[in-house]
Amino acid sequence: MKSYDVAIIGSGPGGYVAAIRCAQLGMKTAIIEKYSTLGGTCLNVGCIPSKALLSSSHHYEEATKHFEAHGIEIPGDIKVNLEKMIARKQAVVDQTTGGIDFLMKKNKIDVYEGLGSFKDATHIKIEGKDEGEIEAKNTIIATGSKPSNLPFIELDKERIITSTEALKLKEIPKHMIVIGGGVIGLELGQVYYRMGAQVTVVEYMDRILPTMDAGLSKELNKVFKKAKCKMMVSHKVKSVERKGDEVIVKAENKKGEDVEFKGDYCLVSVGRKAYTNGLNAEAAGVKINDKGQIEVNDHLQTATKNIYAIGDVVRGAMLAHKAEEEGVMVAEQLAGQKPHIDYNLIPGVVYTWPEVAAVGKTEEELKEEKVEYKVGQFPFKALGRARASGDTDGFVKILADKKTDEVLGVHMIGARCADLIAEAVTAMEFRASAEDIARYSHAHPTFAEAIKEAALAATEDRALHV
Ligand code: FAD
Ligand code: NAD
């Protein structure tokens with residue numbers, strides 16, 4: 001039986017990054033993955049394929065709606081070839097997952113294909129292509145998550161679908177009903193409305209993106225409404241039924257009235273849940289909480305001290321970069337280092353266009369915590385760069401402590417915000433004040449100038465260009 005310093009179960013961004021960091025730190029490392037491709041949800045059916053389709057559909061929208069204003073005329077009809085678009089997405093996925101194979105070889109990490117399950121705290125059984133058993137001094141559980149469902153919905157995976165199926169549809173829906181106005185619903189809803197589908201978003205809470213700053217929800221809601229999407233907030237879904245090619249969604253509105261939506265596809269995007277099926281965690285003494293997550297302490301250690309868990313399978317945001325940070329943290333702890341993650345500074349991004357991005361506290365959280373704060377906001381439409389490219393929707397909002405001026409939260413919606421948020425994270429990591437950001441130079445003309453201007457507005461209400 002082969003013996004390892006560390007075995008990692010699951011090869012998503014949590015697992016494969018943990019494996020690389022363990023190997024870099026000199027540990028003999030194995031990774032076990034039940035599917036034939038590495039990369040987990042993120043690379044196979046999550047971040048990467050969804051961004052490929054968002055990019056393709058964005059190009060289509062640019063070509064059909066915005067090229068003309070730039071003086072670009074395309075004779076004849078511009079059409080979507082969905083089959084080709086999905087094939088390109090798959091090629092991007094294949095190239096990316098292939099890259100992880102390369103990284104495993106480069107770092108001399110042994111890869112086992114099969115379902116990993118605990119025999120005890122130091123032995124893992126592998127069932128599948130690489131059948132067998134290995135011994136590991138330490139194990140990192142990185143088994144990720146799967147889509148959640150509502151108890152009364154039967155997912156047929158043809159017309160009543162999750163994100164996994166929505167990434168490989170064979171036709172453009174005529175009317176897609178999206179249950180859940182969170183990240184997945186809005187990203188994939190936008191992919192399909194851009195290609196001509198009517199999209200109805202049915203959200204239980206009183207606003208889309210209910211966990212983000214309310215200002216961002218309001219602005220993105222406007223964008224979807226402008227695209228003629230029906231945004232049905234404060235609607236509680238009661239049933240979903242399929243009749244032939246038709247899907248009927250029944251919900252109750254705020255007034256208690258019954259409302260019915262008829263479409264040809266229904267995307268269920270009401271969150272994801274931790275995945276531990278088949279792991280046999282109990283055999284190793286690992287505890288699972290009532291949400292189905294693996295219980296860990298601040299060091300990501302489970303109830304069994306040589307077993308750790310990271311990523312979507314534990315508490316916290318279900319984000320690839322959060323999983324990666326946790327993978328690195330556990331590896332470094334195993335090597336005797338003292339790493340630390342500031343969870344408040346894990347950014348959140350929605351890759352719609354305009355992009356939505358945030359880090360730190362929202363206004364709602366600061367109010368609840370009774371922190372006195374000031375707000376500096378700057379609209380993209382006042383930026384030369386935004387007008388030059390025609391991307392004038394959105395704003396940057398900086399929340400700073402009223403007394404100390406320390407930046408407590410940055411919330412933005414607009415072009416390239418997914419990348420711009422890195423500046424806010426850096427500033428907050430170094431505990432910058434709004435005035436610090438306002439005083440350093442930002443290249444002109446850039447979208448990043450909106451951050452400087454919002455910081456100026458927060459400092460002494462002295463933005464220059466409004
Ligand atoms: P996962 O990526 O879920 O990987 C877990 C792996 O473990 C899987 O490969 C699974 O097969 C394997 N596994 C499970 N049990 C076993 C077992 N017993 N034996 C062997 N293998 C096992 N996050 C972002 O940060 N940015 C985005 O843009 C983004 N977009 C997303 C879009 C979609 C449509 C979806 C669904 C998710 C998106 N996410 C995004 C979330 C992101 O994918 C997850 O947060 C991330 O993949 C979690 O990583 P992980 O390593 O914890 O688990
Ligand atoms: P989510 O938590 O972002 O959104 C789910 C939405 O469904 C919420 O707005 C919630 O109020 C709503 N909802 C819940 N029950 C409902 C009901 N009965 N009826 C109507 N609405 C209901 O979850 P998601 O969009 O499914 O995404 C799952 C996870 O994947 C998220 O945690 C997210 O972090 C991750 N993800 C991240 C990205 C990204 O980083 N860009 C992209 C996709 C997914």
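The values are calculated or read from the model by the stated rules, or taken from the named source; none is laboratory data. Keep in mind that this is a model prediction, so the values were computed, not measured. Glycine gets a Cβ as well: all are built from the backbone with ideal geometry, and neighbour counts include every protein chain shown. Remember, those area values only see protein heavy atoms, side chains included, never the ligands or the DNA or RNA. Shrake-Rupley method; radii C 1.70, N 1.55, O 1.52, S 1.80 Å.
Which aspartates and glutamates, if any, have their Cα less than 14 Å from the Cα of K146, not counting same-chain residues under 8 positions apart?
By straight Cα distance, K146 reaches E165, D312.
Is there a quick way to get the dipole size of the stretch 160-270? I mean about its Cα centre, with the Cβ of Lys and Arg at +1 and of Asp and Glu at -1; what is the value in debye to the nearest 20?
280
Given a 1.4 Å probe and every protein chain left where it sits, what share in percent of the accessible area of the chain is carbon and sulfur?
50
If you filter the stretch 271-333 for GluC sites (Glu not before Pro), then keep DSSP loop positions with at most 13 other Cβ within 10 Å, what is left?
Listed in order of number, the matching sites amount to none.
Starting from the residue with the highest accessible area, list R272, R431 in decreasing order, probe 1.4 Å.
Largest accessible area first, the list is R431, R272.
Got a sec to turn the phi values of the stretch 23-40 into Karplus ³J(HN,Hα) couplings, 6.51 cos²θ - 1.76 cosθ + 1.60 with θ = phi - 60°, whole Hz, x for Gly and Pro?
Here the 3J(HN,Hα) series is 5, 4, 8, x, 8, 7, 10, 10, 10, 10, 9, 6, 8, 7, 10, 8, x, x Hz.
Output the peptides 252-261, 114-123 sorted from most to least packed, where packing is the average of other Cβ atoms within 10 Å over each peptide's residues.
Peptide ranking by packing, descending: 114-123, 252-261.
Among Q95, A432, S3, flag the residue with its Cα farthest along the positive direction of the charge dipole of the chain, charges on Cβ as +1 for Lys/Arg and -1 for Asp/Glu.
Selected residue: Q95.
Which of the GluC sites (Glu not before Pro) across the stretch 360-464 are loop residues per DSSP, with 14 or fewer other Cβ within 10 Å?
The qualifying sites are E369, E372.
Label the stretch 160-270 by shape, choosing from rounded, prolate and oblate, from the square roots a ≥ b ≥ c of the eigenvalues of the Cα gyration tensor; if a/c is under 1.5 it is rounded, and otherwise prolate applies when a/b is larger than b/c, oblate when it is not.
Note, shape of the stretch 160-270 comes out oblate.
Going by the alpha-carbon gyration tensor, a ≥ b ≥ c the square roots of its eigenvalues, is the stretch 345-458 rounded (a/c under 1.5) or, if a/c is not under 1.5, prolate (a/b greater than b/c) versus oblate?
Taking the square roots of the gyration eigenvalues as a ≥ b ≥ c, the stretch 345-458 is prolate.
Go through R387, R159, R21 and list them by solvent-accessible area, largest first, probe radius 1.4 Å.
Most to least solvent-accessible, the answer reads R387, R21, R159.
With a probe of 1.4 Å, find how much accessible area the stretch 126-272 has per residue, and write the answer as a whole number in Å².
46
Please give me, ordered by residue number, the GluC sites (Glu not before Pro) of the stretch 147-185 that lie in loop per DSSP and have at most 10 other Cβ atoms within 10 Å.
When the GluC sites (Glu not before Pro) of the stretch 147-185 are filtered for loop state and at most 10 Cβ neighbours within 10 Å, E154, E171 remain.
Which shape class applies to the chain: rounded if a/c is under 1.5, otherwise prolate when a/b exceeds b/c and oblate if not, where a ≥ b ≥ c are the square roots of the Cα gyration tensor eigenvalues?
In terms of gyration-tensor shape, oblate.
What percent does the relative contact order of the stretch 345-458 come to when contacts are Cα pairs within less than 8 Å and at least six residues apart?
31
Which whole-Hz couplings ³J(HN,Hα) result when phi for each residue of the stretch 453-461 is put into the Karplus expression 6.51 cos²θ - 1.76 cosθ + 1.60, θ = phi - 60°, listed in order with x for Gly and Pro?
So the Karplus estimates, Gly and Pro as x, are 5, 5, 5, 4, 5, 6, 5, 9, 6 Hz.
With +1 on each Lys and Arg Cβ and -1 on each Asp and Glu Cβ, and nothing else charged, work out how big the dipole of the stretch 345-458 is about its Cα centre, in Debye to the nearest 20.
Roughly 300 debye, rounded to the nearest 20.
Can you work out ³J(HN,Hα) from phi for every residue in the stretch 191-204, in order, using Karplus 6.51 cos²θ - 1.76 cosθ + 1.60 and θ = phi - 60°, giving whole Hz and x for Gly and Pro?
So the Karplus estimates, Gly and Pro as x, are 3, 7, 5, 4, 8, x, 6, 6, 10, 10, 9, 10, 10, 5 Hz.
Once you place label points 7 Å from the Cα toward the Cβ at D298 and K2, how far apart are they in nm?
3.7
Keeping all protein chains in place and using 1.4 angstrom, which order do V45, V240 fall into by accessible surface area, from largest down?
Reading off the accessible areas and sorting them downward yields V45, V240.
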